[in-house]
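**Q** Take a look at this one; I'll ask things after.
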Amino acid sequence: MDFSLSPETEELRLKVRDFIANEVMPLETDPDSFNEYHNIKLSLLGEMRAKARAAGLWAPQMPKERGGLGLTVTGWAAFYEEASRSIFGAVILNCQAPDDGNMSVLNKVLASDTLKDKWLQPIIDGDVRSAFVMTEPSPGSGSDPGGMMLTKAERKNDRYVISGRKWFISGAQVASHFILCARTSDDPRRGLTAFMFHKDDPGWRVVRRIPTMGPDEHGGTCELEFDGLEIPIEHRLLEEGDGLRLTQIRLGPARLTHCMRWLGLAKRCMEIASEYVEAREAFGSKLAERESVRMMLGDVAKDIHVGRLLTMHAAWKFDQGDKAQKEVSIAKIQVADVLHKAADVGVQLCGAKGYSTDTLLEWIYRYARCARLVDGASEVHKMVLARYYAKLGNDFWSWG
Ligand SMILES: Cc1cc2nc3c(=O)[nH]c(=O)nc-3n(C[C@H](O)[C@H](O)[C@H](O)COP(=O)(O)OP(=O)(O)OC[C@H]3O[C@@H](n4cnc5c(N)ncnc54)[C@H](O)[C@@H]3O)c2cc1C
């Protein structure tokens, strides 16, 4: 078993590290870099994205012929983790949710180069942003989209007419390209279908931007209403009834790239806390010399390492052509917890300063709370793992 990165991936990782340290991290200390939702201002983002592209650090998940870096999934893991040492890194390098997962799934499922030129290429080029539209207010689709989805797509000749309501749709206020999941039949396994639509298509609207603990992705998390949006059949993704399949194709890698980014943020929490305890004195010694303080840092370091191994293992399985479903679920549960713990320990060790906005810890702490909810709550992933265990028994842990 070889756990080392290829020389090319390592070289790229170091390039990302330098870019983030020299070009991106200085922006985090300037209040003028932030918009009102505590994310990087769009005007500054445009400027920084141009720099990232010029540095050859752009769209690591996309094929080279479409302007990306064509990395393997294990290569993504090294790249995304370095990018996410900064809270602005992933979006600047075009590997942030939801565009990241949307690009990956569109690259896999769009049936022709013409469709890819229309729906995918502008996202890769950074000319438009995108959104993934699945979750609905209760009693609609949440943890159980297959069983609960209420938004309807009714076939009328060569078009589908959409009616219903969605919510918590990341980026909807800035997105132009939307992937929508809606019900086309009551079939329990093949009842959903996925489509593309453009923001300028009539028959839908953003009802509101839902206020959250934040910090928010650009375009917020929004509630949407569909009242007669018409989608031509050629903008359907895969076949009618393949909506859940599309969701699985998207969410597997998208959950894992969350883990890659969250590990970068968790490591950053360690950095900030270490710097503080190395300098701060209390009761006649540096905080860093206290056994209890070292135990806290050692414990988080251990958990981050576990998360990295799980993430890399799932990435390696993807690279072997496996769907890695249970490996992704395990990594997602673990790394969501690690991010939360790293932020919490960071705040604790930095004392009152950790609670303030003088460090990034409170930003990361607030952001971390959604990690255990988005793209499948931890409890749902545990349910999935229990199903695998019931089916596989001791083979649950097989290396094959
Ligand atoms: C910041 C943010 C961004 C988001 N972005 C998007 C987006 O871009 N597009 C999109 O479609 N959705 C998005 N979502 C929605 C997200 O995917 C859902 O919140 C998630 O799937 C859970 O659905 P729900 O909120 O309806 O929770 P519910 O289904 O109502 O579940 C509530 C809680 O019940 C528990 N639970 C559920 N099922 C089980 C079970 N089987 N066993 C035990 N416990 C269980 C879990 O603790 C869960 O958190 C976003 C959410 C947030 C917070």
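**Q** Can you tell me which residue in segment 217-244 is farthest from S112 (Cα to Cα), limited to those that are at pLDDT 95 or above and part of a loop (DSSP other than H, G, I, E, B)? Lay out the reasoning, then the answer.
**A** So in segment 217-244, the residues at pLDDT 95 or above come out as 218-244.
Checking the rest, the ones that are also part of a loop (DSSP other than H, G, I, E, B) come to 218-220, 238-242.
Values: H218: 29, G219: 29, G220: 31, L238: 12, E239: 14, E240: 17, G241: 20, D242: 18 Å.
Selected residue: G220.
**Q** Do we find that S185 is assigned to a strand (DSSP E or B), away from the ligand (no atom under 16 Å from the Cβ) and not charged (D, E, K, R) in this structure? Spell out how you get there, then give the answer.
**A** Working: assigned to a strand (DSSP E or B): no; away from the ligand (no atom under 16 Å from the Cβ): yes; not charged (D, E, K, R): yes.
Criteria not met by S185.
**Q** In addition: Within segment 63-86, how many residues are in a loop (DSSP other than H, G, I, E, B), aliphatic (A, V, I, L, M) and either without any contact (Cβ under 8 Å) to a residue 60 or more places away in the chain or surrounded by 24 or more Cβ atoms within 10 Å (Cβ to Cβ) (or both)? Outline the logic, then answer.
**A** Step one: of segment 63-86, the residues in a loop (DSSP other than H, G, I, E, B) are 63, 67-72, 84-86.
Imposing the further condition that a residue be aliphatic (A, V, I, L, M) reduces the set to 69, 71.
Pick out the ones that are also either without any contact (Cβ under 8 Å) to a residue 60 or more places away in the chain or surrounded by 24 or more Cβ atoms within 10 Å (Cβ to Cβ) (or both) and you get 69.
Qualifying residue count, segment 63-86: 1.
**Q** How many residues, within segment 42-62, are over 17 Å from P26 (Cβ atoms) and surrounded by 14 or more Cβ atoms within 10 Å (Cβ to Cβ)?
**A** Residues meeting the conditions: 6.
**Q** Residues in segment 116-142 that are within 16 Å of the ligand (Cβ to nearest atom), among the polar types (S, T, N, Q) and over 17 Å from the mean Cα position of the chain (by Cα): how many?
**A** 2
**Q** Name, by its number, the condition in (1) more than 17 Å from the chain's Cα centre (by Cα); (2) of a type in the set (S, T, N, Q); (3) within 15 Å of the ligand (Cβ to nearest atom) that does not hold for N157.
**A** (3)
**Q** Determine whether M103 is crowded, with 16+ Cβ neighbours inside 10 Å, touching a residue at least 40 places away in the same chain (Cβ under 8 Å), within 16 Å of the ligand (Cβ to nearest atom) and assigned by TED's automatic domain parsing to the domain that holds L42. Break it down stepwise before answering.
**A** Numbers: crowded, with 16+ Cβ neighbours inside 10 Å: yes; touching a residue at least 40 places away in the same chain (Cβ under 8 Å): yes; within 16 Å of the ligand (Cβ to nearest atom): yes; assigned by TED's automatic domain parsing to the domain that holds L42: yes.
When the stated conditions are applied, M103 passes them.
**Q** Have a look at T247, T257 and point out the one that is β-branched (V, I, T) and either touching a strand residue (DSSP E or B) at 6+ places or on another chain (Cβ under 7 Å) or over 24 Å from Q334 (Cβ atoms) (or both).
**A** Working: T257 fails: either touching a strand residue (DSSP E or B) at 6+ places or on another chain (Cβ under 7 Å) or over 24 Å from Q334 (Cβ atoms) (or both).
Exactly one of T247, T257 is β-branched (V, I, T) and either touching a strand residue (DSSP E or B) at 6+ places or on another chain (Cβ under 7 Å) or over 24 Å from Q334 (Cβ atoms) (or both), namely T247.
**Q** Output the residues belonging to segment 28-48 that are in contact with a Phe, Trp or Tyr (Cβ under 8 Å, 6 or more places away or on another chain) and without any contact (Cβ under 8 Å) to a residue 24 or more places away in the chain.
**A** K41
**Q** Let me ask something else about it. Report every pair of residues separated by at least 6 positions or lying on different chains whose Cβ atoms are under 8 Å apart, first residue within segment 377-389 and over 14 Å from G142 (Cβ atoms) and more than 10 Å from the ligand (Cβ to nearest atom), second among the charged types (D, E, K, R) and assigned to a helix (DSSP H, G or I).
**A** Once the first residue is over 14 Å from G142 (Cβ atoms) and more than 10 Å from the ligand (Cβ to nearest atom) and sits in segment 377-389, its partners that are among the charged types (D, E, K, R) and assigned to a helix (DSSP H, G or I) give L385/K326; Y388/K326.
**Q** Quick one: in segment 169-196, of everything that is under 22 Å from the mean Cα position of the chain (by Cα), surrounded by fewer than 21 Cβ atoms within 10 Å (Cβ to Cβ) and free of Cβ contacts under 8 Å to residues at least 60 places away in the same chain, which residue is farthest from T221 (Cα to Cα)?
**A** Looking at the filtered set, the residue picked out is S176.
**Q** For Y388, indicate whether it is outside the structural domain of D144 (by TED's automatic domain parsing), under 25 Å from the mean Cα position of the chain (by Cα) and of a type in the set (S, T, Y). Explain how you work it out, then say what you get.
**A** Working: outside the structural domain of D144 (by TED's automatic domain parsing): yes; under 25 Å from the mean Cα position of the chain (by Cα): yes; of a type in the set (S, T, Y): yes.
When the stated conditions are applied, Y388 passes them.
**Q** Okay, next question. For segment 200-229, what are the residues that are surrounded by 14 or more Cβ atoms within 10 Å (Cβ to Cβ), closer than 20 Å to L150 by Cα and acidic (D, E)?
**A** E223, E225
**Q** To continue, here is another question. Which of the following residues is assigned to a helix (DSSP H, G or I), buried (at least 23 other Cβ atoms within 10 Å of the Cβ) and either hydroxyl-bearing (S, T, Y) or on the phi > 0 side of the Ramachandran plot (or both): T247, T257?
**A** On the way: T247 fails: buried (at least 23 other Cβ atoms within 10 Å of the Cβ).
The conditions single out T257.
**Q** Same structure again: Residue check, G164 against (1) within 12 Å of the ligand (Cβ to nearest atom); (2) of a type outside the set (A, V, I, L, M, F, W, C); (3) surrounded by 16 or more Cβ atoms within 10 Å (Cβ to Cβ); (4) within 22 Å of R245 (Cβ to Cβ), all met but one. Which one?
**A** (1)
The values are calculated or read from the model by the stated rules, or taken from the named source; none is laboratory data. Just so you know, these numbers come straight off a predicted model, no measurement behind them. In this analysis, Cβ positions are derived from the backbone assuming ideal geometry, glycine residues included, and neighbour counts consider all displayed protein chains.
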